[in-house]
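The values are calculated or read from the model by the stated rules, or taken from the named source; none is laboratory data. Just so it is clear, the structure is predicted and the values come from calculations on it, not from any experiment. Glycine also receives a Cβ, built like all others from the backbone with ideal geometry; neighbour counts cover every protein chain displayed.
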Amino acid sequence: MAYSDELYQQVIIEHNKKPRNFFDMEDSTHNCHGYNPLCGDDYEIYLKIGDDGIIQAVSFNGSGCAISKASASLMTTFLIGKSVEESRTVFEQFHKMVLGEFDPDKSENVLGKLKLFKGVQNFPSRIKCASLCWHTMVGAVDKNETVSTE
Amino acid sequence: MADTNVTDKVSPILDVDKIRQDFPVLSKTIHGKPLIYLDNGATTQKPWAVINRVKEFDSDEYGTVRRGAYKLCEDSTKYYEETRQKVADLLGTPNKNEIVFTSGTTQSINLVAHSFSRRFINEGDEIIISNIEHHANTVPWQIVCQERGAKLKVIPVSDSGELIMEEYEKLLSDKTRIVAVNHVSNALGTVNPVREITEKAHAIGAKVLIDGAQSTPHLKLNVKELDCDFYTFSGHKMYGPSGIGGLYGRMELLEEMPPYVTGGDMIMQVTLEKTTYAKPPAKFEAGTPPISQVVGLGAAIDYITNIGLDKIFDYELELLEYGTEVLKQVPGLRIIGNAKDKASIISFYHDSVHPHDIVTLMDQEGIELRGGHHCAQPTMIRFGVPATARASMSFYNKKEELDALAEAMKKAVKMFEG
């Protein structure tokens, strides 16, 4: 396996080509703009959160590299039906995993298929690409208007 | 493209294989593959001549400059001033005191922007830049405009990446104080008609700064023939150390301009009441300069002068043409910047593979490229792309390396399109 296959796994390539939930949500309750000035990755993340704190819908729109787009696409499919609190836990574990500070293969975790992004830790310049949508999602929940990776 | 055989790839202009032996890094491997270094627009690699000269100077000869009457200091000062002479010869001025050492192009432009504006720019005046400038030749002028109440005007660029000269002429007025444009665009490779730009600016009494960061090691230059008022360059883009560069400034302007950074070495006499300044270039060189780096820059100039700037230019044009041709064979690849007159920079975009993915994938093949907005966001906006991938070539690059890039790009496109 080539070193880059660790980063560009088939699922990531596929989500980049056909991103899920890739649209502007008209009736979102929360949204936030995320920008990575280094790469120019630029996304809006939308959430519809019920009164019970459960995420009913997630979508995103914008442009960026394959890693940022696939990460956002997988995030949208992963968060639907989760509570805001659960989504924060996922964010924290995901962030630590891509930084190489948390190994989901060795510790109990809630990451499921998001473990695909574990290989990002070997590409320091791409960590922000993978985590941008997650920072932006938390920014939306916290009612920030915009989030930057710098 | 017809299948070229290997003999076509050996240039009659330069013995590239021999030159490559002068650069130790070029025999290294990256991720197990031979290094193919194509980010020369960002920074160039160093030949042994530079590495060894700096090592020798730091080991055996180092002392401060200008201020001591002892052997180490006198020798260091001699080498320091010899490099100033070499820069003057390279840029084509007979007066070496028109060369100011700075940390590089960014500092050179900031020096001119701030010092020139304090003396010459007032409310209502106008400054002209272009749509294809590096942020280093954009942001300082925006700040000057805010501080002085001046107005920034921008020369538009055609779809091929050339400045629209008719529009430039319309922007010039009796309010124009300075025109600041690059000689070669770092994002597109366009060589701008700086002689003509200068002539037209001078006709209405405006001054001209040329950002020479991308041109200095690639084009044969003569600031007196160009007739520009300021010319800037960076040492690390011309095979020298980082942290050193310079500014050519017309002497009568340097004399009239106030100091920018102040402190030691830039003074004639200081009392608690009043300070008189040293003459240029010392007036603009406050503090202890990067001495070893200046010595290294001198060695870099000797190195490229020995190869010959004419040969460098001709060979790099050959690389540009060859690289353009092979990259055009990659399905879906678009070259951004197709000016008639270009230096050895190819910026490109692909709808299926984002520039940052291109950079990561090429890196896996040992090919080092730049991807991003190249500190030229207004250029990216103009061409409707978020970023580009950029191959910037040097005389130590080979056509086979550009073949490798094109092949790796084809592989990346296939991987992403499936």
Notebook entry, point to check: Counting residues that are closer than 30 Å to B:Phe23 by Cβ, which strands (runs of 3 or more DSSP E) fully inside the range B:220-334 reach at least 3?
Noted result: B:230-234, B:245-249
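To keep it simple, each residue is scored yes or no on (1) over 19 Å from B:Thr190 (Cα atoms); (2) at pLDDT 95 or above; (3) of a type in the set (Lys, Arg); (4) in contact with a helix residue (DSSP H, G or I) (Cβ under 8 Å, 6 or more places away or on another chain).
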| residue | (1), (2), (3), (4) |
| --- | --- |
| B:Tyr303 | yes, yes, no, yes |
| B:Lys311 | yes, yes, yes, no |
| B:Leu317 | no, yes, no, no |
| B:Tyr322 | no, yes, no, yes |
| B:Lys328 | no, yes, yes, no |
| B:Pro331 | yes, yes, no, yes |
| B:Ile336 | no, yes, no, no |
| B:Lys342 | no, yes, yes, yes |
Checklist line | Every residue from the range B:164-209 that is more than 24 Å from the chain's Cα centre (by Cα), within 21 Å of B:Ala339 (Cβ to Cβ) and not basic (Lys, Arg) | finding: B:Glu166, B:Glu167, B:Glu169, B:Leu171
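A quick yes/no check of all residues on (1) buried (at least 18 other Cβ atoms within 10 Å of the Cβ); (2) within 21 Å of A:Leu114 (Cα to Cα); (3) out of contact with any Gly (no Cβ under 7 Å at 6 or more places or on another chain); (4) within 11 Å of another protein chain (Cβ to nearest Cβ):
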{"residue": "A:Glu6", "(1), (2), (3), (4)": "no, yes, no, yes"}
{"residue": "A:Gln10", "(1), (2), (3), (4)": "no, yes, yes, yes"}
{"residue": "A:Asn16", "(1), (2), (3), (4)": "yes, yes, yes, yes"}
{"residue": "A:Pro19", "(1), (2), (3), (4)": "yes, yes, yes, no"}
{"residue": "A:Glu26", "(1), (2), (3), (4)": "no, no, yes, no"}
{"residue": "A:His30", "(1), (2), (3), (4)": "yes, no, yes, no"}
{"residue": "A:Pro37", "(1), (2), (3), (4)": "no, no, yes, yes"}
{"residue": "A:Leu47", "(1), (2), (3), (4)": "yes, yes, yes, no"}
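If you take the residues in the range B:21-48 that are part of a helix (DSSP H, G or I) and more than 22 Å from the chain's Cα centre (by Cα), which one is surrounded by the most Cβ atoms within 10 Å (Cβ to Cβ)?
Going through the range B:21-48, the residues part of a helix (DSSP H, G or I) turn out to be B:24-27, B:48.
Next cut, more than 22 Å from the chain's Cα centre (by Cα) only: B:24, B:27.
Values: B:Pro24: 13, B:Ser27: 10.
Among those that are part of a helix (DSSP H, G or I) and more than 22 Å from the chain's Cα centre (by Cα), it is B:Pro24.
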Next item on the list: Kindly provide the set of residues from the range B:255-294 that are of a type in the set (A, V, I, L, M) and in contact with a helix residue (DSSP H, G or I) (Cβ under 7 Å, 6 or more places away or on another chain), ordered by number.
Entry: B:Met257, B:Met266, B:Ile291, B:Val294
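Go through B:Ile127, B:Ile143, B:Ile132 for me and flag whichever is exposed (fewer than 15 other Cβ atoms within 10 Å of the Cβ) and among the hydrophobic types (A, V, I, L, M, F, W, C). Show your work before the answer.
Details: B:Ile127 fails: exposed (fewer than 15 other Cβ atoms within 10 Å of the Cβ); B:Ile132 fails: exposed (fewer than 15 other Cβ atoms within 10 Å of the Cβ).
Of the residues listed, the single one that is exposed (fewer than 15 other Cβ atoms within 10 Å of the Cβ) and among the hydrophobic types (A, V, I, L, M, F, W, C) is B:Ile143.
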Note to self: Please determine whether any residue of the range A:122-132 is without any contact (Cβ under 8 Å) to a residue 40 or more places away in the chain, within 12 Å of the chain's Cα centre (by Cα) and away from every other protein chain (no Cβ under 14 Å).
What the structure shows: no
Note to self: I'm checking my understanding of the structure. Among residues of the range B:344-356 that are in contact with a helix residue (DSSP H, G or I) (Cβ under 7 Å, 6 or more places away or on another chain) and more than 14 Å from chain A (Cβ to nearest Cβ), which one is farthest from A:Gly64 (Cα to Cα)?
What the structure shows: B:Ser344
Checklist line | Subset tally (residues that are among the polar types (S, T, N, Q) and in a helix (DSSP H, G or I)) for the range B:394-403 | finding: 0
Check: Yes or no: B:Leu111 in a helix (DSSP H, G or I), over 30 Å from B:Val139 (Cα atoms) and outside the structural domain of B:Ala42 (by TED's automatic domain parsing)?
Finding: no
Note to self: Please go through the range B:337-356 and give me each residue that is under 17 Å from the mean Cα position of the chain (by Cα), crowded, with 24+ Cβ neighbours inside 10 Å and not hydroxyl-bearing (Ser, Thr, Tyr), ordered by number.
What the structure shows: B:Ala343, B:Ile345, B:Ile346
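Among the residues in the range B:337-355, are any hydrophobic (A, V, I, L, M, F, W, C), assigned to a strand (DSSP E or B) and closer than 19 Å to A:Leu7 by Cα?
Going residue by residue through the range B:337-355, those that are hydrophobic (A, V, I, L, M, F, W, C) are B:339, B:343, B:345-346, B:348, B:353.
Add one more test, that the residue is assigned to a strand (DSSP E or B), and what stays is B:345-346, B:348.
From what's left, closer than 19 Å to A:Leu7 by Cα: none.
Within the range B:337-355 (the criterion being hydrophobic (A, V, I, L, M, F, W, C), assigned to a strand (DSSP E or B) and closer than 19 Å to A:Leu7 by Cα), the answer is no, since none of the residues qualifies.
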Margin query: Would you confirm, using the coordinates I've provided, whether A:Gly100 is farther than 28 Å from B:Glu365 by Cα and of a type in the set (Gly, Ala, Ser)?
Written below: no
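Evaluate the following for B:Val359: is it of a type in the set (A, V, I, L, M), within 14 Å of another protein chain (Cβ to nearest Cβ) and without any contact (Cβ under 8 Å) to a residue 40 or more places away in the chain?
Values: of a type in the set (A, V, I, L, M): yes; within 14 Å of another protein chain (Cβ to nearest Cβ): yes; without any contact (Cβ under 8 Å) to a residue 40 or more places away in the chain: yes.
Spelling it out, B:Val359 is indeed of a type in the set (A, V, I, L, M), within 14 Å of another protein chain (Cβ to nearest Cβ) and without any contact (Cβ under 8 Å) to a residue 40 or more places away in the chain.
Residue under question is B:Val25, and the condition is that it be at pLDDT below 95, assigned by TED's automatic domain parsing to the domain that holds B:Ser394 and of a type in the set (A, V, I, L, M); does it hold? Please lay out each step first, then the result.
Working: at pLDDT below 95: no; assigned by TED's automatic domain parsing to the domain that holds B:Ser394: yes; of a type in the set (A, V, I, L, M): yes.
So B:Val25 does not fit the description; no.
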Next item on the list: Filter the range B:26-76 for residues that are touching a Phe, Trp or Tyr at 6+ places or on another chain (Cβ under 7 Å) and under 30 Å from B:Ala343 (Cβ atoms) and give the result.
Entry: B:Leu26, B:His31, B:Thr44, B:Gln45, B:Lys46, B:Pro47, B:Ala49, B:Val50
Next item on the list: Filter the range A:94-142 for residues that are polar (S, T, N, Q), surrounded by 15 or more Cβ atoms within 10 Å (Cβ to Cβ) and outside any helix (DSSP H, G or I) and give the result.
Entry: A:Asn109
Notebook entry, point to check: Pick from the range B:379-393 the residues that are assigned to a helix (DSSP H, G or I) and within 13 Å of chain A (Cβ to nearest Cβ): which of them is farthest from B:Ala42 (Cα to Cα)?
Noted result: B:Ile381
Next item on the list: Tell me which of these B:Asp15 doesn't satisfy, since it passes every other one: (1) of a type outside the set (Phe, Trp, Tyr); (2) assigned by TED's automatic domain parsing to the domain that holds B:Val330; (3) surrounded by fewer than 14 Cβ atoms within 10 Å (Cβ to Cβ); (4) touching a helix residue (DSSP H, G or I) at 6+ places or on another chain (Cβ under 9 Å).
Entry: (4)
